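Contents: one structure, followed by commentary.
Values in this text are rule-based calculations from the coordinates and carry no lab data. Note that the structure is predicted; figures quoted are calculated from it, not measured. Cβ placement follows ideal geometry from the backbone for every residue including glycine, while neighbour counts extend to all protein chains displayed.
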């Protein structure tokens, strides 16, 4: 059960962070489904923490859109995405539901693997760009310290 929960967290995170236009290109046609919760936009409080162990504090609000769907087979999918893109939330919810069915392997190959590879490339490019700005500081021994 824990492995399923971890796997679901992974694909839901990937779908939520995916560029909406890219997800739409990978999933142009949605299978039949019923909206349990139509895409709706609201605000959520983002919390921060100073350091790794400091007390939590309210950082600010962020706009999010959520959606819940039920597929014809009865599987339910949910999505929460940053921003106001209702189509993105709906598409991510449908993908979440499909990942819980026999279509999971096909969806993994056609949608999730390309999104994951693109996210990895973007992360690597961002890290390389940040590494180029790194400054190494060192201490020199001064004559009077010797």
Next on the checklist: For segment 24-45, give me each residue that is in contact with a strand residue (DSSP E or B) (Cβ under 8 Å, 6 or more places away or on another chain) and in a loop (DSSP other than H, G, I, E, B).
Outcome noted: 31, 32
Next on the checklist: Return the pair list, or none, for Cβ contacts closer than 7 Å from residues in segment 12-34 that are in contact (Cβ under 8 Å) with a residue 40 or more places away in the chain to residues that are assigned to a loop (DSSP other than H, G, I, E, B) and buried (at least 16 other Cβ atoms within 10 Å of the Cβ), at least 6 apart or on different chains.
Outcome noted: 20/85
Next on the checklist: For segment 24-55, give me the residue count where each residue is more than 20 Å from residue 90 (Cβ to Cβ) and loosely packed, with under 10 Cβ neighbours inside 10 Å.
Outcome noted: 7
Item to check | Failed item, numbered, when residue 21 is tested on (1) farther than 15 Å from residue 91 by Cβ; (2) out of contact with any strand residue (DSSP E or B) (no Cβ under 6 Å at 6 or more places or on another chain) | outcome: (1)
